[in-house]
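Asker: Below are the structure tokens for one structure; questions will follow.
The values are calculated or read from the model by the stated rules, or taken from the named source; none is laboratory data. These numbers were taken from a predicted model, which means no experiment stands behind them. Positions of Cβ are backbone-derived with ideal geometry, glycine not excepted, and every protein chain shown enters the neighbour counts. Accessible surface is based on the protein model in full, side chains and every heavy atom, while ligands, DNA and RNA are left aside. Shrake-Rupley method; radii C 1.70, N 1.55, O 1.52, S 1.80 Å.
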Amino acid sequence: MTSRRKFIQNLTASGGLLLSASAIASRAETLSSAIDQIKKSPNPEKEDVFWKQIQLAYTVSPNLINLNNGGVSPQPDVVQEAVKKYTSFSNETPSYYMWRVLDKDREAVRTGLADLAGTSPETIAINRNTTEALDTVIFGLDLEKGDEVVLSHFDYPNMMSAWKQREMRDGIKLKWVDLKLPESNKQKIIEQYLDLVSSKTKVLHITHLINWIGQVVPVKELCEEANKRGIITIVDGAHTFAHLNFSVADFNCDYFGTSLHKWLCAPFGTGMLYMNEKRITKTWPLTPDHDPKRNDIRKFENLGTRSIPAEIAIGSAIDFHNMIGSDRKAERLYFLKNYWASQAQEMPGVTINTPSEPELSGALAHVSIEGKTGRDIERHLLSKYRIHCVAIEYRGFDGVRITPNVYTVQSDLDKLLQGLSDLTKA
Ligand SMILES: Cc1ncc(COP(=O)(O)O)c(C=O)c1O
């Protein structure tokens, strides 16, 4: 079978049994010819054509440049179509078609996610988001009064709040790493965490990519140190799954939670919890079923009624991601960040608050301008250039967070640079 035909079949099949083929097939044909072209003769110009074709696979507004993909990402058309079709199908008789027919595909989705994570399907629970994944873990661990948890002020608010609640209810002790960021020396980050570890430390909570400014934390090395000391490791991977190119298995962590509606561009309200097999019986589910102690990752999926169409359409997002390829996507995202950040940092008064090293950053970066607040920058970019981004003022940083995605083209970033440049002169 030719690769093009196979590609089209994949895209169509990934939309599910119900997808009408014509719209999907014509997009697939366009995309597929671009891919063939690149494969024949890879060069930067043709690579750019490829990414322009990727942009066409999305339905993003031509009238607004979205540079806040860190919040939540849009879905490519093929994923939206899958959600629509699965929803119509379910509506024929929800308790039959949604629960007895569609739900059977859940195991294929689990396998697809496990392949991306480089782990076994028996370690993957499908849920709604990182908050649900990590709250399941935070509230599911047996911890006693006086047990210590090491975490950072740069973790995500929902997770910090969950730990604070455990502190209030159960008397555990939170030890806060006052991370000095941005940091380009991995060892210094590791030391900042290890300085707070004691014989009472039971858990290390690590955010893989810090949402405030885009710093990547050396998770693998930290987990190695924690494992030596018998400390449980929880990784917040909201921003890294299907963004940076890594395998969850490589980390040797105990838990890894992520939101699939971020970098995988899967349907809104889809997430994933990886749990090391040896932790499954020891972790209490947040929403237990008949046997909370059993050794089955599926015990973490007793979430009540939720959108099975969204969950099953994760399969289309995985297909789309695999069509680009994890390595090529990670490289492109890093390239886009560096394209604008390296030029912006040459402007007077501009500071990029994110490391530039590929090991310590991805697509997401924070920029500030002397004499301007983040809100000033956000307002100017939106009103003059129709660029949507988000102001972030946190722990001494005041600027905007810029997050392109695979559908972002260089000309969008040129407008961003123009907008930043205006502000350095105003
Ligand atoms: C680091 C981090 N963790 C967790 C979350 C929560 O994600 P969700 O709202 O999908 O649960 C976010 C959201 O942006 C985040 O940036």
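Asker: Would you give the gap between the C-alpha center of the stretch 91-109 and the C-alpha center of the stretch 394-426, rounded to a whole Å?
Answerer: 43 Å
Asker: Oh, and also: How large is Rg/Rh for the chain, to two decimals, with Cα atoms and a Kirkwood Rh?
Answerer: A ratio of 0.97.
Asker: Return the loop-located GluC sites (Glu not before Pro) in the stretch 100-152 (DSSP other than H, G, I, E, B) with at most 11 other Cβ atoms within 10 Å of their own Cβ; answer none if there are none.
Answerer: Sparse-neighbourhood loop GluC sites (Glu not before Pro): E144.
Asker: A further question follows. If I build a Gaussian network model for the chain, linking alpha-carbon pairs within less than 10 angstrom, which residue out of L64, L273, L134 has the largest mean-square fluctuation?
Answerer: L64
Asker: For the cross-link pairs K202/K282; K175/K278; K228/K278, which exceed 18 Å when the distance is taken from alpha carbon to alpha carbon?
Answerer: With Cα atoms farther than 18 Å apart: K175/K278.
Asker: Take every Cα-Cα distance within the stretch 328-425, group them into 5 Å bins from 0 onward, and report for each bin the whole-number percent of pairs it holds.
Answerer: Distribution as computed: 3, 14, 27, 27, 19, 9, 2, 0 percent.
Asker: Cβ under 15 Å from S342's Cβ, S342 left aside: what net charge do those residues give with Lys, Arg +1 and Asp, Glu -1?
Answerer: -2
Asker: Follow-up question, since we're still on this one. With the other protein chains left in place, how much accessible area per residue, in square angstrom, belongs to the chain at a 1.4 angstrom probe?
Answerer: 42 Å²
Asker: For the chain, with all protein chains present and a 1.4 Å probe, just round the carbon and sulfur fraction of the accessible area to a whole percent.
Answerer: That fraction is 50 percent.
Asker: Same structure again: Under a Cβ-Cβ cut-off of 15 Å, what is the net charge of the residues other than Q418 that fall near it, where Lys and Arg count +1 and Asp and Glu count -1?
Answerer: Overall, the nearby charge balance is 0.
Asker: Additional query: Rounded, prolate or oblate: which fits the stretch 169-226 when a ≥ b ≥ c are the square roots of the eigenvalues of the alpha-carbon gyration tensor, with rounded for a/c under 1.5 and prolate only if a/b beats b/c?
Answerer: prolate
Asker: Which of the trypsin sites (Lys or Arg not before Pro) found in the stretch 273-350 are in a DSSP loop and have at most 15 neighbouring Cβ atoms, other than their own, within 10 Å?
Answerer: Qualifying residues, ordered by number: K282, K293, R294, R306.
Asker: Okay, next question. From the helices alone, meaning DSSP H stretches of at least four residues, give me the mean residue ellipticity at 222 nm for the chain, per-run term -39500 (n - 2.57), in deg cm²/dmol to the nearest 500.
Answerer: -13500 deg cm²/dmol
Asker: Please state the shape class of the stretch 222-315: rounded when a/c is under 1.5, otherwise prolate if a/b exceeds b/c and oblate if not, all from the C-alpha gyration tensor.
Answerer: Judged from the Cα gyration tensor, the stretch 222-315 comes out oblate (a/c at least 1.5, b/c at or above a/b).
Asker: Which GluC sites (Glu not before Pro) does the stretch 335-426 hold that lie in a coil by DSSP with at most 12 other beta carbons within 10 Å?
Answerer: E346, E370
Asker: Next up: What is the sum of charges around N66, taking Lys and Arg as +1, Asp and Glu as -1, for the other residues whose C-beta is under 14 Å from the C-beta of N66?
Answerer: +2
Asker: Shifting gears a bit: Any idea what the relative contact order of the stretch 97-317 is, in percent, if you count C-alpha pairs under 8 Å spaced at least 6 apart?
Answerer: Rounded, it is 27 percent for the stretch 97-317.
Asker: Among DSSP bridges having both ends in the chain, what percentage is antiparallel? Round to the nearest 5.
Answerer: 55 percent
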